[in-house]
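Asker: Mind having a look at this structure? Questions to follow.
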Amino acid sequence: MENEQSLNYAIKLDIFEGPLDLLLYLIKKNEIDIYNIPVALITEQYLEYLKMIKALNLDLAGEYLVMASTLIHIKSRMLLPPPEEPEEEEEDPRAELVRQLLEHKTFKEIAESLGSRPLLERDVFTRAATPPEEMEKSERDDEEELIEASVFELIEAFHRIVSQMDKKELMEIDLEKLSLTDIINEVMDKLTLTKNLTFEDLLQGKRDRRRIIYTFLAILELIKLRMIKAYQTSIFGVIRIFPAVES
């Protein structure tokens, strides 16, 4: 019973991103034309992400399930044969979704642009960490732009690592009582010593499912608290975790 309760801690995913963000991520990942979305493919991948999110003990907001229903509905409409003699030209079933995506994308770009502007009297605050200087040149191409990873890229990277582990190693082991606070402190202690870490670094020596999930939840909690940041040296590349401020 205690083992089940210990995994009841859940972080709401909508703190970070919403269902439209997930769709934009999938469109970008698959290099799809936003005006011509292959709904069957995107629906399948979207539902797979929902499974990954649930497996990582993240609390799904209702909007994600509503979007899943919307995608399935659009997919079914597109599978219907067109009427033999349509009275008027029928609107593409994807049109409303495309409109929402374009509108959301525009707002995100505006928000990111505003967020990148320098703050008034910014020198009063602790100087932000500069991950590019922390990375050795051998780890990245000088021409590559350092990109902040989205929560969906974190989920995918984490799921990929776990799926590569031997399933025998992912057994539930309840030899010690775990708390998210303890794991958060572990992550911060490691970052204090090494300045940056990959997921593999953080999971080194951790093979039981509870510790793996707690490590991921700790990363998300620290990102939410703006204590750490996750970056990639290229789109969908290796993700490294950095302290949000220099020590």
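Bear in mind that the values in this text are calculations on the coordinates, not laboratory data. No experiment lies behind these values; they were computed from the predicted model shown. Using ideal geometry, Cβ is built from the backbone for each residue, glycine included, and neighbour counts are taken over all protein chains shown.
Asker: Through the Karplus equation 6.51 cos²θ - 1.76 cosθ + 1.60, θ set to phi - 60°, convert the phi angles of the range 43-55 into ³J(HN,Hα) values in whole Hz; use x for Gly and Pro.
Answerer: 4, 4, 5, 4, 5, 5, 5, 4, 5, 4, 4, 5, 5
Asker: Something else about it: What FRET efficiency comes out for the pair Met188/Ser234, r = Cβ-Cβ distance, R0 = 30 Å, nearest 0.05? Please list the in-between numbers first.
Answerer: Details: r = 27 Å, r/R0 = 0.89.
Plugging the Cβ-Cβ distance into 1/(1 + (r/R0)^6) gives 0.65.
Asker: Okay, moving on. Under a 5 Å amide H to amide H cut-off, with H placed in plane at 1.01 Å, what residues pair with Val245 once short-range neighbours are removed?
Answerer: Those qualifying (amide H under 5 Å, at least 5 residues apart or on another chain) are Ala129.
Asker: Using a basic spin-label model with each label point 7 Å from the Cα along Cα→Cβ, how many nm lie between Thr70 and Gln100?
Answerer: 0.1 nm
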